[in-house]
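Worksheet: the structure to be examined is printed underneath.
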Amino acid sequence: MNSLLKVDKLSKNFGDLEVLKDINLEVTEGEVICIIGPSGSGKSTLLRCINQLEFQSGGNIYYKDKNICHKNHDLREYREEVGMVFQNFNLFPMKTVLSNIMLAPVLTKKKPKDVARKKALELLKKVGLSEKAHVMPSTLSGGQQQRVAIARALAMEPNVLLFDEPTSALDPELVGGVLEVLHNLANEGMTMILVTHEMKFAREVSDRVIFMADGYIVEEGKPEEIFTNPKNERTKTFLARIVGDDNI
Amino acid sequence: MDLSFLNVLFPMLLRGFKVTLAISIFGILIGFVLGCVSGYALQCKNTFAKVIANVYIWIVRSTPIIVQALYVYFVIPKITGIDLNSNTAGIIVIFLNSGAFIAEIVRGALEGIDPGQKEAGLSLGLTPFQTLLHVIVPPAFRSMLPALFNQFIISVKDTAILSIIVVNEITKQIQNYAALSFNTIQAYTAGAVFYMIIISVLIIIQKQVERRIKG
């Protein structure tokens with residue numbers, strides 16, 4: 001399998017604080033990777049570096065063998081192919097659901113409005129929100145907003161989707177709908193990197209689980225290995241606490 | 001009550017109104033553009049632009065508008081050799097003054113937008129300019145409307161100060177009438193009522209615009 005995305009010796013400091021240390025990661029096409037770990041371990045920062053919303057302090061990131069950290073690299077084009085879904089959805093509050101989804105394809109890919117519209121409606125159907133096309137985001141529940149945000153990211157037809165704790169801001173009863181959409185995407189072969197606290201989901205859906213702590217990738221492997229037979233003490237402690245809560 | 005004094009005063013007020021209106025419109029329009037540019041500069045990463053905007057705003061905020069009017073009308077022509085008629089000087093005073101206050105309104109509105117909005121725009125492949133225009137500006141504009149209209153109203157009333165540099169706007173006309181007729185009570189009362197009518201119209205427009213934008 002070809003490596004689609006490669007993170008090479010990545011580090012990130014915020015002032016004196018080292019948030020990421022020597023991160024190495026390869027993602028192949030169609031792979032679903034879940035990043036787990038305690039708060040403050042650098043999971044979200046890693047994802048934000050991959051999307052270049054934060055710039056690394058050291059190391060490089062390669063997408064399709066091109067170094068996207070190089071200052072001449074066109075980040076805009078890269079972001080068209082590597083989309084991101086945020087914890088707080090970040091929908092555009094003054095645009096309808098449909099306009100939220102259509103905005104980027106029309107502006108960046110110069111898609112005719114009717115084509116973009118048709119695609120947007122298809123995507124809304126896919127995330128189970130066909131009837132919400134013309135409402136404003138503020139009238140939707142958190143779970144519905146997140147599904148719109150996913151549809152909006154999908155409208156760009158990305159090769160890779162990054163999810164930064166997509167269910168963390170949701171009421172527990174709304175998590176299911178979002179996870180179902182993510183589940184379907186994984187089954188369709190979308191390459192995904194998810195930062196998540198949903199251990200059951202990580203176990204069922206991911207091809208690989210990465211455990212991060214203190215800015216390092218402490219352990220990675222197939223979900224069965226990580227969840228049933230973690231090697232590292234940190235992973236063991238973390239999972240013991242979570243399993244206690246979650247009963248996976 | 002004898003309203004016959006209006007036969008003389010009202011045409012004068014109308015003449016003044018035309019001048020007030022023209023100076024207000026040009027002054028506020030240019031001031032709005034200047035304010036948007038300076039407000040953006042205040043919160044951007046370019047240090048040079050930031051310093052320029054800060055100095056401009058500091059000068060305007062730390063001097064009374066009456067001093068600014070006298071300076072533009074009497075000093076600038078002496079320094080530059082460019083002859084300014086009083087109406088042009090009036091427009092310059094209003095746009096320089098309103099621009100500085102609008103800049104602070106714009107800065108506040110831009111800074112009030114959740115940074116996640118910008119990130120969402122960029123992560124969708126929009127350019128920084130497209131993100132600003134399509135993602136940041138619409139909600140920022142909505143949030144600054146009340147303060148913006150407030151500044152428009154202040155600027156319209158500030159035109160009264162221009163009477164000191166012989167701009168024949170409403171207040172100047174009232175003063176002229178009072179000086180000619182000695183009817184100070186009628187002159188200044190009619191003048192005040194006239195301003196109240198103009199500002200009331202502005203307030204009605206503000207309510208309409210805000211209602212429409214809120215949807």
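The values are calculated or read from the model by the stated rules, or taken from the named source; none is laboratory data. Fair warning: this is a prediction, and the values are worked out from it, not measured in the lab. Glycine also receives a Cβ, built like all others from the backbone with ideal geometry; neighbour counts cover every protein chain displayed.
Just a few scattered comments:
- Complete set of residues in the stretch A:26-50 that are under 16 Å from A:Lys9 (Cα atoms) and either of a type in the set (Val, Ile, Thr) or within 14 Å of chain B (Cβ to nearest Cβ) (or both): A:Val27, A:Thr45, A:Leu47, A:Arg48, A:Cys49, A:Ile50
- Checked against (1) without any contact (Cβ under 8 Å) to a residue 40 or more places away in the chain; (2) in contact with an Asp or Glu (Cβ under 9 Å, 6 or more places away or on another chain), B:Ser200 meets all criteria but (2).
- Within the stretch A:60-74, if we keep just the residues that are surrounded by fewer than 16 Cβ atoms within 10 Å (Cβ to Cβ) and not in a strand (DSSP E or B), the residue that is nearest to the other protein chains (Cβ to nearest Cβ) turns out to be A:Asp74.
- Enumeration of residues in the stretch B:1-46 that are over 30 Å from B:Ile197 (Cβ atoms) and not in a helix (DSSP H, G or I): B:Gln43, B:Cys44, B:Lys45, B:Asn46
- Residue list for the stretch A:80-95, filter: at the interface with chain B (Cβ under 7 Å from one of its Cβ atoms) and either surrounded by fewer than 24 Cβ atoms within 10 Å (Cβ to Cβ) or part of a loop (DSSP other than H, G, I, E, B) (or both): A:Glu80, A:Phe86, A:Asn88, A:Asn90, A:Phe92, A:Pro93, A:Met94
- Answer from A:Val175, A:Val135, A:Val127 - the residue that is surrounded by fewer than 22 Cβ atoms within 10 Å (Cβ to Cβ) and under 27 Å from A:Val27 (Cβ atoms): A:Val175
- Scanning the stretch B:160-182 for residues that are surrounded by fewer than 22 Cβ atoms within 10 Å (Cβ to Cβ), part of a loop (DSSP other than H, G, I, E, B) and touching a helix residue (DSSP H, G or I) at 6+ places or on another chain (Cβ under 9 Å) returns B:Val166, B:Asn168.
- Candidates B:Ile113, B:Ile102, B:Ile185, B:Ile153: the one that is within 14 Å of chain A (Cβ to nearest Cβ) and either touching a Ser or Thr at 6+ places or on another chain (Cβ under 9 Å) or assigned to a helix (DSSP H, G or I) (or both) is B:Ile113.
- Any hit, the stretch A:26-42, residues being over 16 Å from the mean Cα position of the chain (by Cα), of a type in the set (Gly, Ala, Ser) and crowded, with 20+ Cβ neighbours inside 10 Å: yes
- Selection of the stretch B:76-127 for residues being surrounded by fewer than 18 Cβ atoms within 10 Å (Cβ to Cβ) and among the small types (Gly, Ala, Ser) yields B:Gly81, B:Gly108, B:Gly112, B:Gly116.
- Residue within the stretch A:106-122 that is closer than 18 Å to A:Val160 by Cα and modelled with pLDDT of 95 or more present: no
- Checking A:Phe201, A:Phe163 one by one, the residue that is aromatic (Phe, Trp, Tyr) and in contact with a helix residue (DSSP H, G or I) (Cβ under 6 Å, 6 or more places away or on another chain) is A:Phe201 and no other.
- Lone qualifier among B:Ala120, B:Ala53, B:Ala147, B:Ala49 - being part of a helix (DSSP H, G or I), over 18 Å from the mean Cα position of the chain (by Cα) and away from chain A (no Cβ under 11 Å): B:Ala49
- Screening B:Val209 on (1) in contact (Cβ under 8 Å) with a residue 12 or more places away in the chain; (2) surrounded by 15 or more Cβ atoms within 10 Å (Cβ to Cβ) shows it passes everything except condition (2).
- Residue in the stretch A:104-120 that is more than 10 Å from chain B (Cβ to nearest Cβ), surrounded by 15 or more Cβ atoms within 10 Å (Cβ to Cβ) and assigned to a loop (DSSP other than H, G, I, E, B) present: yes
- Applying the condition of being under 29 Å from A:Glu80 (Cβ atoms) and touching a helix residue (DSSP H, G or I) at 6+ places or on another chain (Cβ under 6 Å) to the stretch B:137-159 and asking which residue is surrounded by the fewest Cβ atoms within 10 Å (Cβ to Cβ) yields B:Arg142.
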